[in-house]
Every structure is written in C-alpha cells, then in structure tokens.
Protein chains: 2
Amino acid sequence: MVRKLAERGDVIPVLAEIFREHGFAGTSLSVITDRTGLGKGSLYHFFPNGKEEMAKAILDDVAGWFEANVFAPLRESEDPAAGIDHMFKAVVLFFQSGRRVCLVGSFALDDTRDRFASEVQSYFAAWTGVLAATLKRSGFGAKAARETAEDVVAGIQGALVLARAQDDPAVFARAMKRLQQRARVAYAD
Amino acid sequence: MVRKLAERGDVIPVLAEIFREHGFAGTSLSVITDRTGLGKGSLYHFFPNGKEEMAKAILDDVAGWFEANVFAPLRESEDPAAGIDHMFKAVVLFFQSGRRVCLVGSFALDDTRDRFASEVQSYFAAWTGVLAATLKRSGFGAKAARETAEDVVAGIQGALVLARAQDDPAVFARAMKRLQQRARVAYAD
DNA sequence: ACTAGTCTGTACCGATTGGTACAAAATATG
DNA sequence: CATATTTTGTACCAATCGGTACAGACTAGT
C-alpha cells in the first residue's frame, strides 16, 4: 500500500520552526517553500488545505511530543517529584533554554486562536491538569495543586515572552529555577 | 500655527486595539481603514511611514501610559506596598481583567520583535527595573527584589497568554492574586 | 472673503498573497 | 518490464497586499 518516502513527517518540524518565528499570519507560502525546499506542488499534496492544515499538523505534533515527553512521565512517575524534575528538563530542552518560542502561546495571543481554539485550549488544559494531579500526589492540597500548576505553566509562558523581549536566555533560566523550586514546596489548601 | 483637529492622537488607541487583536503581520491596511474610519489618505498623512510608524506611535503611547500610571506611582509612592497595590490595580484595568492582550508581549514573540527591538526591550526593562527598586524599598534584598520583579512581570505576561488560551478571565484574576501576594512577602537574598 | 496650510477620498501602482491545474517525473508494486 | 500511484515543478489565477499621487475639500488666521 505504498510506502511514503517519510516526507510529510519530516517537514512538520521545519514548518513548526517557521510558524514559531513568523507567527501564523506572518508565515507566507513563499517563506515556506524557501525554508522547506518543497514547491507548492508537494506542499499542497501533503497539506491539501494549505496553511490551516499545516498548522493543525504542527499542533498535533507538538501535542504528541508533550504527551510523550512531559505528560506521560508526569503521570507515570512513581516519585511525583522526579516526574516534575523531568518536566522542567524536557521544557528547557524543548524551548531551547528560552531561545525558542511556544507556538501555542503565540497562536493564543492574536486572532489565530479563534481558528485553532480547541487545540490551543486543550494544550494548556492538559498541561495544567496533569501537572496539578502530579503536584497533588506529591503532597499539595487539591486547590494548591491547581493553583501551583497554573502558576508554573503561566510562568513558563511569561518567561518565554520576557526572555525573547530582552533577548536574554538567562531570564528564562532564572524563571525555570524559581518555578521548579516553587513546585517542590508542597502546601495544603 | 494651525490647531490639529485632535485626530492623530485619537486614532492611536484604536490602532492599538487592532494590532492587539491581529498582531503586526496580521493587521492589514484594509482592516485599519475599516475600523478607524480613516481612508488611506488620512492614514498616510498622519503616519507617512505606514504600519511601521503606526506601531511606533502605539508603542510610544503604551510606554507613556505605563510611565504615568504604573512606573511613576511605583517610584513616587512613600509607601512602597501601596505603590505595588496600585500597580496591580492599574494592570488589571489596562489589560481589562485579562481580556486584552499585551501588545509588546505579542510583538516580542515573533519576528516583529526585530523591527522594534529597542522599544520592546526597554518596556520590560523599565517595568522590571522600577518594580525591583520598589520591592527593595519595601524590604526585599537586592537580588530577591530583582528576581521577584522578573517573576511578577513574567507572571503577568504568562497569565495573559493562558487566560486567552483558555478564554477565561478567571485565570488572569487568580494569577494577579498570587503575584500580588508574592510581592508582599519581603525576603532577604 | 482671501489665502495658506491641513486633511481626505479616489484612483492607481507593482508585488505578493494563498491557492489551483495539470502534465511530467519519480517511485512502488505486480 | 509494465502499470498504478505518489510526488513534484511550473504556469497560472483572482484577490489583496502596502504604498503613492494628487486634486479637491476642508479649516484657521488675517
């Protein structure tokens, strides 16, 4: 049944990088063809619905990465604290120490959100949800766990904004350290 | 010497709202003419350099608002804690309880940042700087003040992202409460 | 009322936008 | 090798992009 040349899958990370750099509206077909090396023919063959479908594929890919590298480890770690430590490592890796922006966060800020509302919504819902559950396991009260999870996820997003604004990855590093510390000190509601 | 009809100044807030909703790249001349009611003639009369000049004017306006309503009060409050409380009130007002996005933050995320690097950079530098100084006055150690200021400003930005992603202003409200609390508990380095 | 300066609507520009059509090339399967 | 399918480059499309030109309508000071 025809083996794909493993192409479509290979383009997605490149597309993701492009969308991160230029945002959804700022990403034109011409920069896509330039950066991917694929002509419109191939592009529309892999993604018949154009930019919209590319973005959907990317969001899917990101969601998959987080599920595998962040959510699952959080859920499945016997030691919740270890799971959380692992999350911070994965986050630093994924966002390249603050040099890379969060695609979903950038979509959330402008009217792009409306086109991908459910994907954007569920990305953050999943993240805060799983993290809260893990924090609870580690000794946080139910409400404290939810609040801390929201605080950590928002803190990461804000750190990405600030680090890029200041063009200084150290801002991101400091924020990660603070947030990780905060996730360690369990407290009741 | 000709009194202006107080026009240019009146358009800026409208332009700001448009750029917030669509981002820089996503804001087309046609949505600008639609929303402002001004034709290209007037637009290019007030802003001969087009979108770029509009964005500069908006960034200027925002910087002015924060200087007057956030930074100055922080600096000049005899009671630093009162100044900080005032900041949070102003922030909630400005960002309409999380329903409005931070223009500068949204610029920071994509390649728009490069066109307005100094404005973006100094907006956050000023904010964290003044806030850190005030926290120090309120009893924080020098390093603790800097860290907390960064934490608070990043926290606000992240809360805006998360609140919009979830389409839930309550996320923003909870974050403000946490951050305000955190700014109250002074600690040494 | 006259005039100088400010403001604005309209028509227009070349370039680029996202997207389609399709024949040729490459590839996989029999 | 033959054939069916997938992949690709190229040419093309209408629509929109940001921006300019400019004549005419305003407005203000005299």
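The table below lists the values:
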read-out	value
Convex hull volume per residue in cubic angstrom - Cα atoms of the range A:82-131	67
Reach of residue A:56 by Cα under 28 Å, taken over lysines that are not fewer than 8 positions away in the same chain	A:4, A:40, A:89
Chain A: relative contact order in percent, alpha carbon pairs under 8 Å with at least 6 residues between	20
On Cα atoms only, tilt of A:117-137 relative to the major axis of chain A in degrees	30
Between the range B:166-189 and the range A:88-107, the Cα center-to-center distance that results, in Å	22
HN-Hα J in Hz across the range A:103-113 - Karplus 6.51, -1.76, 1.60, θ = phi - 60°, x for Gly and Pro	4, 5, x, 5, 5, 5, 6, 10, 6, 4, 3
Gyration tensor verdict on the range A:93-161 (Cα atoms; rounded if a/c is under 1.5, prolate if a/b is larger than b/c, oblate otherwise)	oblate
With Cα atoms, 0 to 90° folded angle of helix A:142-165 axis to chain A main axis	50
Local electrostatic count at residue A:80 - Lys and Arg +1, Asp and Glu -1, tallied over other residues with Cβ under 13 Å	0
Label 7 Å beyond Cα on the Cβ vector: residue A:96 copy-to-copy distances, nm	3.5
Directionally averaged projected area (convex hull, Cα atoms, the range A:15-97), nm²	6.2
Estimated 222 nm signal from helices in chain B, with DSSP H stretches of n ≥ 4 weighted -39500 (n - 2.57), rounded to 500	-24000 deg cm²/dmol
Computed magnitude of the charge dipole of chain B (debye, nearest 20; Cβ of K, R +1, Cβ of D, E -1)	280
Per-residue Cβ neighbour rank within 10 angstrom, fewest leading, B:36, A:33	A:33, B:36
14 Å beta-carbon shell around residue A:112, net charge (K/R +1, D/E -1)	-1
Anisotropy class of the range B:16-61 from Cα gyration tensor, a/c 1.5 cut	oblate
Shielding score for A:161-173, defined as the mean number of other chain Cβ atoms within 10 Å	6
Three-way shape label, chain B, alpha-carbon gyration tensor, a/c 1.5	prolate
Three principal axis lengths of the protein assembly as shown [C-alpha, angstrom, descending]	75, 61, 30
Residue closest to axis [chain A; rotation mapping onto B; Cβ; Å]	A:158, 1
7 Å along Cα→Cβ, label-point gaps from residue A:56 to other copies, nm, shortest first	4.2
Degrees, to the nearest 10: B:50-66 long Cα axis against longest axis of chain B	30
Nearest-first distances (nm) between copies at residue B:29, label 7 Å from Cα via Cβ	2.2
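Every number in this text was worked out from the coordinates using simple rules, so none of it is lab data. Just so we're clear, the structure is a prediction, and the values are computed from it rather than from any experiment. A quick note on method: Cβ atoms are made from the backbone with ideal geometry, for glycine too, and the neighbour counts reach across all protein chains shown.
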